[in-house]
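Presented below is the structure to which this report refers.
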Amino acid sequence: MLSWDALEEECKTCQKCSLCETRTNVVFGRGSRNAEVLFIGEGPGEQEDLSGEPFVGRAGKLLDDMLSIIDLNRSNIFIANIVKCRPPKNRDPLNAEQDACIGHLRNQVALLRPKIIVCLGRIAAQKIIGGDFKISRDHGQWYERSGVQMMALYHPAALLRDPRRRPETFVDLKTLQAKIRELCTHTYD
Ligand code: SF4
């Protein structure tokens, strides 16, 4: 198995799909390499591409606020994406791009061995949890895949577009907090 540093280097030089041609930076992911909770979004946007960091800008600020509600922060979780290079004009990543990149994420999961995976938005949930996942119907529900507990939240960008979904997300966050207290050994408060 690759080390974290070797995996990061592999990602930074990756040319497995055409997104490498338009990226500014590969967004490898950020956080604790001992985290028990892994958050997965769909892919970098413009600000993330420019900075090389996941979830910056307004959606990133909202994600930080969501995390702080349940005593999480970027130091005690890890945040990654399905694709590590920005799709042009922030379009959804194509299936071929997701398939090309998913091996990097699998390697991150293998290194991290998280107890809980939280998908941010529809694209990540459909790729990671699978089935006929519908974010408006299935957010906040728990699924088990290969011994890992998984759930999905609305993507912070979706919550910026439609603040009426925020109360449901608050409930989902409290559900996540309860699961963390049940399964995780790190101290989060
Ligand atoms: S999106 Fe993933 S597979 Fe495509 S070039 Fe970037 S790192 Fe490689």
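Coordinate-derived values only; no laboratory data. The model shown is predicted, which means the values in this text are computed figures rather than measured ones. Using ideal geometry, Cβ is built from the backbone for each residue, glycine included, and neighbour counts are taken over all protein chains shown.
Given points 7 Å out from each Cα along the Cα-Cβ axis, report the Glu46 to Arg33 separation in nanometres with one decimal.
Output for this residue pair reads 3.4 nm.
For region 1-126, just say rounded, prolate or oblate: build the C-alpha gyration tensor, square-root its eigenvalues into a ≥ b ≥ c, call rounded for a/c under 1.5, and beyond that prolate if a/b exceeds b/c, oblate if not.
In terms of gyration-tensor shape, oblate.
Hey, can you grab everything whose amide H is under 5 Å from the amide H of Cys119? Only 5+ residues off in sequence or another chain; H modelled, so Pro and N-termini drop out.
The list, which skips near neighbours in sequence, is Ile40, Met151, Ala152, Leu153.
Please give the contour-minus-distance gain from Cys184 to Val171: 0.36 nm per residue of separation, less the Cα-Cα distance, rounded to one decimal in nm.
Additional length available on full extension: 2.7 nm.
Tell me the mean residue ellipticity at 222 nm calculated for the chain from its helices only (DSSP H runs of n ≥ 4, each -39500 (n - 2.57), averaged over every residue, nearest 500).
Rounded to the nearest 500, the figure is -12500 deg cm²/dmol.
Pull up the cross-link candidates among the lysines for Lys179, meaning alpha carbon to alpha carbon under 19 Å and not fewer than 8 places away within one chain.
Excluding near neighbours in sequence, the set is Lys115.
In whole angstrom, how far apart do the alpha carbon centroids of region 67-144 and region 158-189 sit?
For region 67-144 versus region 158-189, the Cα centre distance is 15 Å.
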